[in-house]
Amino acid sequence: MMDTAMKHASPLTDLKLDTHTFDALILGGGGAGLRSALALTLAGHQVAVVSKVFPTRSHTVAAQGGINAALGNITEDNWEWHMYDTIKGSDFLGDQDAIEFMCREAADIVRELEHFGVPFSRLENGKIYQRAFGGQNLNFGQEQAHRTCAAADRTGHAILHSLYQQNLHAGTRFFDEYYALDLLKDTHGNIGGLMVMNIHDGRYHVLQSRHILIATGGAGQVFRNNTNASINTGDGLGMVLRAGLPLQDMEFWQFHPTGVAGKGMLISEAVRGEGGVLKNSLGEDFMQRYAPHAKDLASRDVVARAIAIEVKEGRGCGPNKDYVLLDLTHLDDATIKQRLPGIRDISLTFLGVDPAVEPMPVFPTCHYMMGGIPTDIHGRVVTPDENGEQQIVKGLYAVGECACVSVHGANRLGGNSLLDIVVFGREAAKTISHELHQNRREKTQQAGSPETALCLDAVRQRIARWQNPAPSTDTLAAIRKALQHTMEMGCGVFRNQASMQHALQQLLLLQQRLEQVTLSDHSQVFNLQRLAAYELENLLAVAFATVHSALNRTESRGAHSRVDYPQRDDSAWLRHTLYFSAGHRLDYKPVNLHPKHHAAFAPTARTY
Amino acid sequence: MEFIISRYNPETDTAPHDRHYRLHQQELDGGTMLLDALLKLREQDPTLAFRSSCQEGVCGSDGMNVNGQNCLSCITPLASLKSPIVIKPLPGLPIIKDLIVDMTLFYKHYAEAQPFLQAKPPSEAHEHLQTPAERAQLDGLYECVLCACCTTSCPSFWWNPDQFLGPAALMAAQRFVIDSRDIQTRERLQSLDDPMKTFRCRHIQNCTAACPKGLNPSRAIQALKASIAKEH
């Protein structure tokens with residue numbers, strides 16, 4: 001039997017490290033990571049996917065409503081209208097070159113997904129079914145569009161499983177249930193590898209590669225009520241900050257208007273797309289007052305605020321008047337069963353309510369992180385040099401929710417996140433593949449030679465910090481709960497200087513507690529407490545990035561709603577925030593207003 | 001509420017053993033599912049190991065055997081369970097720790113079923129056309145979350161785990177056999193025409209009773225067998 005007491009007491013220099021070398025490493029097995037992996041494997045590169053869960057457990061699986069593309073299967077449609085809606089939805093903070101690129105690629109990439117086997121719902125003519133979704137119109141803001149391609153209300157599941165299946169076919173290598181701790185740099189400061197831990201036996205490994213793609217998804221677990229999986233802890237964001245690189249626009253968190261009240265599970269926008277209506281305690285269709293034109297299908301930030309205001313002003317439903325109702329009882333049973341079967345299941349399971357008979361209680365809940373690791377439109381991570389010029393970080397890429405390219409700006413449109421992950425997943429793979437072909441010399445460069453030796457000191461210290469055998473009365477669970485509560489109180493749907501200052505003070509206290517707390521479990525096999533410790537370090541880093549970025553932005557834009565600064569201020573704030581963890585430093589960079597194929601859209605007042 | 005949970009730490013134990021836990025309803029902060037209780041118990045005993053992620057029954061991480069029935073803890077209401085609630089790992093797969101089983105064999109069988117579309121797309125500019133009726137053939141098959149509740153409840157799998165593919169893998173096979181877009185139907189059926197891989201299924205129907213998503217693997221396997229028979 002293993003003597004665990006001896007093991008954790010042993011000096012770190014004894015850490016046995018297995019080393020493996022790959023052309024490219026992909027960190028994360030969700031839709032973004034799997035789309036990239038498929039392209040790289042098919043191009044013949046030695047690529048490995050590292051995921052802390054079996055890939056089909058990744059959170060892409062929970063996406064419900066659909067993926068946007070101007071296929072025009074129901075009405076005439078084109079990518080320029082989609083581009084306009086996305087820019088307007090972003091409250092003009094989205095980079096217009098990136099948005100244009102995504103919308104132009106959309107039709108092609110959705111058809112490609114269909115070719116991969118995604119079981120899209122169908123129209124009578126055999127084409128892909130498209131539904132109405134929020135913030136999407138025809139002809140630059142006119143009639144409601146039907147642009148969201150759907151596989152019932154399980155589109156994420158359908159896409160993730162299909163991508164995993166195609167990777168199985170292609171023979172992609174997977175490191176399932178391996179947890180990535182940190183990026184490793186060589187002595188020149190170049191990205192050269194990853195430190196990972198096999199969750200099955202607690203052993204650490206160095207995975208070497210000159211091309212590392214981060215696709216670790218979101219970090220919604222920083223808020224108490226959220227639609228996110230418990231694995232969404234911002235692991236990629238934490239490691240980027242620890243590598244001295246910035247995060248962009250972290251003040252922008254999407255609160256989905258319709259989470260199950262008090263619980264947080266997502267009730268898809270598809271419900272409103274199929275005709276569902278929000279109602280307050282007076283039975284009023286209150287969205288008419290907030291968005292006379294788009295009503296229940298206004299942008300998510302607009303609908304979330306409307307619900308919060310209804311409740312705040314005393315028109316909430318239920319014994320505590322703390323939610324509103326999402327009513328689809330006027331829809332026929334067949335539509336609900338055919339188009340919204342997953343929602344029906346969630347409602348029956350978690351609320352005991354048949355949505356065909358009774359409306360569902362809903363309230364805004366944290367759903368999506370618009371900010372993330374800054375990249376260019378090819379998925380390459382960028383950071384400012386000493387002159388403030390954006391420079392590419394050699395060998396490092398990021399795509400999906402963990403990245404900020406930025407196609408979502410200050411508020412994401414429903415149906416654009418599944419699009420984001422596959423468009424930029426494919427594009428980053430193209431970029432990596434091109435670079436691998438360009439530079440075979442680097443590819444074959446031997447690992448372990450002096451100039452490529454990887455610096456392990458920092459990550460060794462991090463590992464050692466959690467091997468402290470001293471007991472503690474505080475617990476990780478208590479700190480994580482306090483963190484989530486702090487963020488919800490201080491940085492929720494509505495914020496102000498005082499609420500965020502208070503949150504910041506609390507975070508500093510939580511940081512001290514995190515530095516003091518120790519583990520009670522030092523076993524090696526599936527030590528979930530150790531995993532929770534690494535994750536909590538990342539969550540706290542994300543929380544600091546959020547509060548600092550949000551405090552400094554003295555305006556309201558998209559999902560960042562400040563009671564003390566209720567107006568958007570383009571003269572001062574039409575720019576992206578960059579946050580560095582060292583000294584909690586903030587920097588800014590301009591929004592891209594230079595699309596390649598279409599004239600730029602100038603910021604205008606945003607109404608729905 | 002009383003819980004009897006099977007515990008096994010490979011670093012200290014020679015065999016699994018039961019451990020008793022108690023929780024008061026008030027400790028659950030309004031949580032109503034078995035997973036809420038397990039997460040609470042893990043706060044009290046951080047060594048308690050089980051997988052979980054989405055907490056809403058779509059990721060398929062938290063399959064376990066509860067009062068003799070395989071289920072996903074996150075969508076199993078506590079109110080539906082008789083106390084004491086007896087929780088064991090999914091049967092028929094090696095235990096790694098506590099409620100965590102080694103799914104390697106399950107995934108291997110899944111891959112062997114060739115669960116990927118093999119098709120000839122019309123062109124890059126067009127999707128395959130598929131009528132709503134053709135698409136409806138996939139309903140009840142594609143929604144599988146790979147939780148292994150079905151396969152690990154199957155006596156045929158318990159007897160021949162290395163050879164019988166099990167209900168989840170066979171349902172995945174049927175999902176592609178029946179897909180109007182797939183062009184490898186005959187090859188698929190030929191490779192599954194095997195007394196151990198497929199025909200070991202005796203339609204005991206434990207799989208269908210166990211499926212937390214309400215799918216019917218037994219019926220899918222029946223259809224698959226019928227298609228294979230037609231090839232003879």
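For region B:1-40, what are the residues that are hydrophobic (A, V, I, L, M, F, W, C), within 20 Å of residue A:231 (Cβ to Cβ) and without any contact (Cβ under 8 Å) to a residue 24 or more places away in the chain?
Answer for region B:1-40, where residues must be hydrophobic (A, V, I, L, M, F, W, C), within 20 Å of residue A:231 (Cβ to Cβ) and without any contact (Cβ under 8 Å) to a residue 24 or more places away in the chain: just B:39.
When the residues of region B:41-64 are narrowed to those that are more than 7 Å from every other protein chain (Cβ to nearest Cβ) and free of Cβ contacts under 8 Å to residues at least 40 places away in the same chain, which ends up nearest to residue A:61 (Cα to Cα)?
Step by step, filter region B:41-64, then rank; the result is B:64.
Would you mind telling me which numbered condition in (1) assigned to a loop (DSSP other than H, G, I, E, B); (2) buried (at least 24 other Cβ atoms within 10 Å of the Cβ) residue A:263 fails?
(2)
Give me the residue from region A:220-252 that is within 14 Å of chain B (Cβ to nearest Cβ), closer than 18 Å to residue A:495 by Cβ and under 14 Å from the mean Cα position of the chain (by Cα) and, out of that set, most open to solvent (accessible area, probe 1.4 Å).
Taking region A:220-252 first, the residues within 14 Å of chain B (Cβ to nearest Cβ) are A:220-221, A:224-233, A:235.
If we keep only those that are closer than 18 Å to residue A:495 by Cβ too, we end up with A:220, A:224-226.
Filter again for under 14 Å from the mean Cα position of the chain (by Cα), leaving A:220, A:226.
Working: A:220: 0, A:226: 18 Å².
Among them, the one singled out is A:226.
Out of region A:547-586, which residues are in contact with a Ser or Thr (Cβ under 9 Å, 6 or more places away or on another chain) and polar (S, T, N, Q)?
A:549, A:552, A:567, A:577
Filter region A:85-110 down to the residues that are in a loop (DSSP other than H, G, I, E, B) and aliphatic (A, V, I, L, M) and list them by number. Show your work before the answer.
Let us first name the residues in region A:85-110 that are in a loop (DSSP other than H, G, I, E, B), namely A:90-95.
A:93 - this is the single residue of region A:85-110 that is in a loop (DSSP other than H, G, I, E, B) and aliphatic (A, V, I, L, M).
Taking the options A:167, A:198, name whichever one is within 14 Å of chain B (Cβ to nearest Cβ), among the polar types (S, T, N, Q) and surrounded by fewer than 20 Cβ atoms within 10 Å (Cβ to Cβ). If you could, list the steps in order and put the result at the bottom.
On the way: A:167 fails: surrounded by fewer than 20 Cβ atoms within 10 Å (Cβ to Cβ).
Exactly one residue qualifies, and that residue is A:198.
Against the definition (outside the structural domain of residue B:216 (by TED's automatic domain parsing) and out of contact with any strand residue (DSSP E or B) (no Cβ under 6 Å at 6 or more places or on another chain)), how does residue B:69 come out, yes or no? It would help to see each step written out before you state the result.
Details: outside the structural domain of residue B:216 (by TED's automatic domain parsing): yes; out of contact with any strand residue (DSSP E or B) (no Cβ under 6 Å at 6 or more places or on another chain): yes.
The answer is yes for residue B:69.
Could you count how many residues in region B:124-162 are at the interface with chain A (Cβ under 10 Å from one of its Cβ atoms) and at positive phi?
So the count comes out to 1.
Against the definition (among the β-branched types (Val, Ile, Thr) and away from chain B (no Cβ under 14 Å)), how does residue A:479 come out, yes or no?
Details: among the β-branched types (Val, Ile, Thr): yes; away from chain B (no Cβ under 14 Å): no.
For residue A:479, the condition - among the β-branched types (Val, Ile, Thr) and away from chain B (no Cβ under 14 Å) - is not met.
Please go through region A:508-553 and pick out each residue that is more than 14 Å from chain B (Cβ to nearest Cβ), open to solvent by 20 Å² or more (accessible area, probe 1.4 Å) and hydroxyl-bearing (Ser, Thr, Tyr).
Of everything in region A:508-553, nothing turns out to be more than 14 Å from chain B (Cβ to nearest Cβ), open to solvent by 20 Å² or more (accessible area, probe 1.4 Å) and hydroxyl-bearing (Ser, Thr, Tyr).
Show the residue pairs that are 6+ apart or on different chains and have beta-carbon atoms under 9 Å apart, the first residue being within region A:106-127 and facing another protein chain (nearest Cβ under 7 Å), the second being part of a loop (DSSP other than H, G, I, E, B) and among the β-branched types (Val, Ile, Thr).
A:122/B:131; A:124/B:131; A:126/B:131; A:127/A:74
Return the total of residues in region A:561-596 being of a type outside the set (A, V, I, L, M, F, W, C), part of a loop (DSSP other than H, G, I, E, B) and within 21 Å of residue A:301 (Cα to Cα).
We begin by selecting, within region A:561-596, every residue of a type outside the set (A, V, I, L, M, F, W, C); these are A:561-562, A:564-571, A:575-577, A:579, A:581, A:583-585, A:587-590, A:592, A:594-596.
Next, from what is left, pick out any that are part of a loop (DSSP other than H, G, I, E, B): A:564-569, A:581, A:592, A:594-596.
From what's left, within 21 Å of residue A:301 (Cα to Cα): A:564-569.
Residues meeting the conditions: 6.
Kindly indicate the residue of region B:17-40 that is on the phi < 0 side of the Ramachandran plot and of a type in the set (Gly, Ala, Ser) and also nearest to the other protein chains (Cβ to nearest Cβ) among those meeting that condition. Break it down into steps so the answer makes sense when it comes.
Let us first name the residues in region B:17-40 that are on the phi < 0 side of the Ramachandran plot, namely B:17-28, B:31-40.
Cutting the leftovers down to of a type in the set (Gly, Ala, Ser) gives us B:31, B:37.
Values: B:31: 9, B:37: 15 Å.
If we take residues in region B:17-40 being on the phi < 0 side of the Ramachandran plot and of a type in the set (Gly, Ala, Ser), then B:31 is nearest to the other protein chains (Cβ to nearest Cβ).
Suppose we filter B:223, B:172 for residues that are away from every other protein chain (no Cβ under 14 Å), touching a residue at least 40 places away in the same chain (Cβ under 8 Å) and open to solvent by 10 Å² or more (accessible area, probe 1.4 Å); which single one remains?
Details: B:172 fails: away from every other protein chain (no Cβ under 14 Å).
Of the residues listed, the single one that is away from every other protein chain (no Cβ under 14 Å), touching a residue at least 40 places away in the same chain (Cβ under 8 Å) and open to solvent by 10 Å² or more (accessible area, probe 1.4 Å) is B:223.
Which of the following residues is surrounded by fewer than 24 Cβ atoms within 10 Å (Cβ to Cβ) and either of a type in the set (S, T, N, Q) or not in a loop (DSSP other than H, G, I, E, B) (or both): A:45, A:82, A:115?
Result of the check over A:45, A:82, A:115: A:115.
Which residues, taken from region B:98-119, are more than 9 Å from chain A (Cβ to nearest Cβ) and either open to solvent by less than 30 Å² (accessible area, probe 1.4 Å) or over 19 Å from residue B:161 (Cα atoms) (or both)?
If we filter region B:98-119 for residues that are more than 9 Å from chain A (Cβ to nearest Cβ), which is where we start, we get B:99, B:101, B:104-106, B:108-109, B:112-113.
Answer for region B:98-119, where residues must be more than 9 Å from chain A (Cβ to nearest Cβ) and either open to solvent by less than 30 Å² (accessible area, probe 1.4 Å) or over 19 Å from residue B:161 (Cα atoms) (or both): B:99, B:101, B:106, B:109, B:113.
Yes or no: residue A:557 over 27 Å from residue A:242 (Cα atoms), of a type in the set (Lys, Arg) and surrounded by 22 or more Cβ atoms within 10 Å (Cβ to Cβ)? It would help to see each step written out before you state the result.
On the way: over 27 Å from residue A:242 (Cα atoms): yes; of a type in the set (Lys, Arg): yes; surrounded by 22 or more Cβ atoms within 10 Å (Cβ to Cβ): yes.
In short, yes.
Determine whether region A:158-180 contains at least one residue that is part of a strand (DSSP E or B), modelled with pLDDT of 95 or more and touching a Lys or Arg at 6+ places or on another chain (Cβ under 6 Å).
Yes, region A:158-180 contains a residue that is part of a strand (DSSP E or B), modelled with pLDDT of 95 or more and touching a Lys or Arg at 6+ places or on another chain (Cβ under 6 Å).
Which strands (runs of 3 or more DSSP E) sit wholly inside region A:324-421 and have at least 1 residues that are more than 23 Å from residue A:253 (Cα to Cα) and small (Gly, Ala, Ser)? Show your work before the answer.
On the way: elements: A:324-327, A:360-369, A:380-384, A:390-398.
Qualifying strands (runs of 3 or more DSSP E): A:390-398.
Among B:166, B:214, which is the only one that is on the phi > 0 side of the Ramachandran plot and without any contact (Cβ under 8 Å) to a residue 24 or more places away in the chain? I'd like the intermediate steps shown before the answer.
Values: B:166 fails: without any contact (Cβ under 8 Å) to a residue 24 or more places away in the chain.
Checking each option against the conditions leaves just B:214.
Would a scan of region A:553-560 turn up a residue that is in a loop (DSSP other than H, G, I, E, B) and closer than 26 Å to residue A:462 by Cα?
Going residue by residue through region A:553-560, those that are in a loop (DSSP other than H, G, I, E, B) are A:553-556, A:558-559.
Those still in the list that are closer than 26 Å to residue A:462 by Cα too: none.
No, region A:553-560 contains no residue that is in a loop (DSSP other than H, G, I, E, B) and closer than 26 Å to residue A:462 by Cα.
Scan region A:135-157 residue by residue and report those that are part of a loop (DSSP other than H, G, I, E, B), of a type outside the set (Phe, Trp, Tyr) and under 30 Å from residue A:603 (Cβ atoms). It would help to see each step written out before you state the result.
First, the residues of region A:135-157 that are part of a loop (DSSP other than H, G, I, E, B): A:138-143, A:150-154.
Now restrict to residues that are of a type outside the set (Phe, Trp, Tyr): A:138-139, A:141-143, A:150-154.
Answer for region A:135-157, where residues must be part of a loop (DSSP other than H, G, I, E, B), of a type outside the set (Phe, Trp, Tyr) and under 30 Å from residue A:603 (Cβ atoms): A:138, A:139, A:141, A:142, A:143.
Condition first: within 14 Å of chain B (Cβ to nearest Cβ), crowded, with 19+ Cβ neighbours inside 10 Å, over 30 Å from residue A:286 (Cβ atoms) and touching a strand residue (DSSP E or B) at 6+ places or on another chain (Cβ under 7 Å). Can you find one or more residues in region A:567-581 that meet it? Give the steps one after another, and end with the answer.
So in region A:567-581, the residues within 14 Å of chain B (Cβ to nearest Cβ) come out as none.
Taking every residue of region A:567-581 in turn, none turns out to be within 14 Å of chain B (Cβ to nearest Cβ), crowded, with 19+ Cβ neighbours inside 10 Å, over 30 Å from residue A:286 (Cβ atoms) and touching a strand residue (DSSP E or B) at 6+ places or on another chain (Cβ under 7 Å).
Residue B:204 passes all but one of (1) open to solvent by 40 Å² or more (accessible area, probe 1.4 Å); (2) within 15 Å of residue B:71 (Cβ to Cβ); (3) β-branched (Val, Ile, Thr); which number fails?
(2)
Residue under question is residue B:123, and the condition is that it be over 21 Å from the mean Cα position of the chain (by Cα), open to solvent by 10 Å² or more (accessible area, probe 1.4 Å) and not assigned by TED's automatic domain parsing to the domain that holds residue B:173; does it hold?
On the way: over 21 Å from the mean Cα position of the chain (by Cα): yes; open to solvent by 10 Å² or more (accessible area, probe 1.4 Å): yes; not assigned by TED's automatic domain parsing to the domain that holds residue B:173: no.
The answer is no for residue B:123.
The values are calculated or read from the model by the stated rules, or taken from the named source; none is laboratory data. These figures come from a predicted structure and were not determined experimentally. Please note: Cβ atoms are built from the backbone with ideal geometry, for glycine as well, and neighbour counts cover all protein chains shown. Remember, those area values only see protein heavy atoms, side chains included, never the ligands or the DNA or RNA. Shrake-Rupley method; radii C 1.70, N 1.55, O 1.52, S 1.80 Å.
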